[in-house]
Amino acid sequence: MNDELPLSVAPDPPAAIPVDDDLPALLGGRPVRPAGPPVWPLADPDVAAALRTVYESGDWSRYHGPTCHALSERIAARTGCAHVVLCSSGTFAVELALRGIPVQAGDEVVLAGYDFKGNIADVLALGALPVLVDVDPVSGTLDVRGLAAAFTPSTMAVLVSHLHGGVASLPAIVETAKARGVPVIEDACQMPGARIHGREAGTWGQVGVWSFGGSKLLGAGRGGALFTNDADVAQRIRLFTQRGNDLCPLSELQAAVLLPQCDKLDERNALRAGRAKRLCAKLADLPGLRPFGTPEHDRTHPETSALVPHDTLPGFYKLGFRYDAQHWAGLPRELFVRAARAEGIALDLGFRALHLTHGRRRFRAADDLKQATLLDAQVVVLHHPVLLGEESDLGQIAAALHRIRRHAAAIRTHAPPANC
Ligand SMILES: *Cc1c(COP(=O)(O)O)cnc(C)c1O
């Protein structure tokens, strides 16, 4: 695999518009999925029943009631954590986790140069300095090989996320951080219930975080949770949030819709992971479209061709790929995404890299962030709902992407301008 960005695209003659019924939807053909991507959330009678129950009890107007208590117990039971804090968003849960450590103004927090924007915003909100390290090319998540060099006497925490189906190397990250006495916050917002070498995602470090944002795998419109076995961390968070009332609670109404989703989480995670694997197999003959997996150096069974070891079950809020236009007749990533969306496939651009979207004075780069720079230009993500649909959906996604590939040159030449 060539990791370099294409410096120039060979100028080939303008491609003809295909005339057969294989015409890509972006060029006016019939979309592979005329109905578009599946809706989210799924219709769920158990959620409807939970809403009715919380309506009839009057708890819909409360917070800190029996439903929130039941949700906390559920999270405690599955994570083995003694302390669970429910709150108003995943982003705020990360901020609370940092405050619980405690990270204070002037401290340093290490995170990946390619990450959810809210995570660097949380570090900055505390007046702390984000220290960015590069990402692993296979998982797209914090590369443990750059971690030790990022530490200084001011390092107070490592904040690490699982992203786009890529599993961060938690065993090695925790070991490296532990050797320096640095706590780890594990952001499992994209992977609630995932398993990493047999252990629940979010439970490797001092604090784990979930999100209940609207499009997430566990949705309540908004909301988040953190869990820890560190009583001091939990106590600091309590002191911070208690201001006569709770600064940022989750409501009974939100907890009510989450409980039935928690019941189905393992079953749905298994279904999504199986579908993601089979979809990647159908796309394996497309060079220049590579799914994220487990870091190479962290695979227990490197002899298997799979990118994920047998004792790891990734979560799929998004299924991420590295898209390399060089292998797609120079079709720019933005046009590739538009072409897929025109076919009825919920593909999007990935995150922007943090060092390319923040002023130099707002962070310190611990290394050259070369892979993070590449991901900024290369990542595309498939939204998760289609992984819970029909098995035939996978064939449609593959058909759409293969069609785009057959006509990549024509799409590059003839695509209508955006917003028309
Ligand atoms: C969604 C998300 C969060 C938190 O998001 P909220 O929308 O605030 O709940 C944090 N980290 C990652 C990696 C996420 O994807």
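Throughout, read-outs are computed from the coordinates displayed, never taken from laboratory work. Model, not experiment: these values are computed from the prediction. All Cβ positions, even for glycine, are placed from backbone atoms using ideal geometry, and neighbour counts span all protein chains on display.
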Taking 0.36 nm per residue of separation between Ser392 and Asn245 and subtracting their Cα-Cα distance, the length gained on full extension comes to 47.9 nm
Among His197, His384, His164, which one shows the biggest mean-square fluctuation in a GNM of the chain, springs joining Cα atoms closer than 10 Å? His197
For Cys262, Cys81, ascending order of other Cβ atoms within 10 Å (fewest first) is Cys262, Cys81
Just to be sure I understand: with springs between alpha-carbon atoms less than 10 Å apart, which residue in Pro192, Pro153, Pro249 has the highest mean-square fluctuation in the Gaussian network model of the chain? Pro153
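In terms of the Cα gyration tensor, with a ≥ b ≥ c the square roots of its eigenvalues, is the range 161-290 rounded because a/c is under 1.5, prolate because a/b exceeds b/c, or oblate? Can you show the working numbers first?
On the way: a/c = 2.58, a/b = 1.35, b/c = 1.92.
Here the range 161-290 falls in the oblate category.
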Simple SL model, points at 7 angstrom along Cα→Cβ for Asp44 and Leu124; separation in nm is 3.4 nm
Just check the chain against the gyration tensor rule for me: Cα atoms, a ≥ b ≥ c as the square roots of the eigenvalues, rounded for a/c under 1.5, and otherwise prolate or oblate depending on whether a/b exceeds b/c. oblate
Here the tail fraction of P(r) beyond 14 Å, over all Cα-Cα pairs of the range 43-94, rounds in percent to 64 percent
What's the exposure ranking of Asp136, Asp44, going from fewest to most Cβ atoms within 10 Å? Asp44, Asp136
In the Gaussian network model of the chain, springs joining C-alpha atoms below 10 Å, which of Gly127, Gly100, Gly350 carries the largest mean-square fluctuation? Gly127
Of all DSSP beta bridges with both partners in the chain, the antiparallel percent, nearest 5, is 60 percent
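What list do you get for Arg268, Arg361, Arg352 if you sort them by fewest beta carbons within 10 Å?
Details: Arg268 20, Arg361 7, Arg352 16.
Ranked by crowding around the Cβ, least crowded first: Arg361, Arg352, Arg268.
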Positive-end extreme of charge dipole, the chain - chosen from Leu159, Pro171, Gly214 (charges on Cβ): Gly214
In whole angstrom, note down how far apart the Cα centers of the range 236-276 and the range 112-191 are. 23 Å
Starting at 0 and stepping by 5 Å, how many percent of the alpha carbon pairs of the range 81-132 end up in each bin? 5, 20, 31, 23, 13, 7, 0
If the cut-off is 25 Å between C-alpha atoms, which lysines fall inside it for Lys277, apart from same-chain ones fewer than 8 positions away? Lys216, Lys264, Lys318
When a/c reaches 1.5 or more, the comparison of a/b and b/c decides; with that in mind, is the range 73-230 rounded, prolate or oblate per its Cα gyration tensor? rounded
